[in-house]
Amino acid sequence: MTIRQLHEQYEQYLRLALENITEIGGLLSEQKSELKECEWPMWARVNLPFSLQLAQEYLRLYKIRKELQSMDAGDLTVAFGPIFKLEPERARP
């Protein structure tokens with residue numbers, strides 16, 4: 001593959017990641033709105049296969065989804081940085 005092809009493949013990966021991240025964030029936002037503020041952390045710990053911190057990051061990115069859609073690959077990489085650094089799954093008891 002050429003550098004151009006690899007870069008285009010990377011951009012496609014980021015766009016798919018953006019779709020998934022904003023869909024997850026939207027679902028989390030809906031669920032959170034149905035709960036009392038004090039219920040949210042416990043619900044997240046019991047029902048999600050990832051940390052509360054990652055859930056909050058999905059929610060943050062969902063809130064700025066319109067801005068994210070207009071970003072190029074470099075800016076998306078920066079915006080997604082916290083998600084890529086967080087452990088996506090945690091051990092279940």
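The values are calculated or read from the model by the stated rules, or taken from the named source; none is laboratory data. For clarity, every value in this text was computed on a predicted model and none was experimentally measured. All Cβ positions, even for glycine, are placed from backbone atoms using ideal geometry, and neighbour counts span all protein chains on display. SASA here: full protein model, heavy atoms, side chains in, ligands and nucleic acids out. Shrake-Rupley method; radii C 1.70, N 1.55, O 1.52, S 1.80 Å.
Key figures
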read-out	value
Glu34/Gln12 FRET efficiency (R0 41 Å; Cβ-Cβ; nearest 0.05)	0.75
Residue-normalised accessible area of the chain, expressed per residue, 1.4 Å probe, Å²	71
Most to least packed among 44-52, 14-22 [average Cβ atoms within 10 Å]	14-22, 44-52
Phi to ³J(HN,Hα) by Karplus 6.51 cos²θ - 1.76 cosθ + 1.60 over segment 56-63, Hz, x for Gly, Pro	5, 5, 4, 5, 4, 5, 4, 5
Reciprocal mean inverse distance between Cα atoms of the chain - Kirkwood radius, Å	14.4
Percent accessible area from carbon and sulfur atoms, the chain, protein chains only, probe 1.4 Å	54
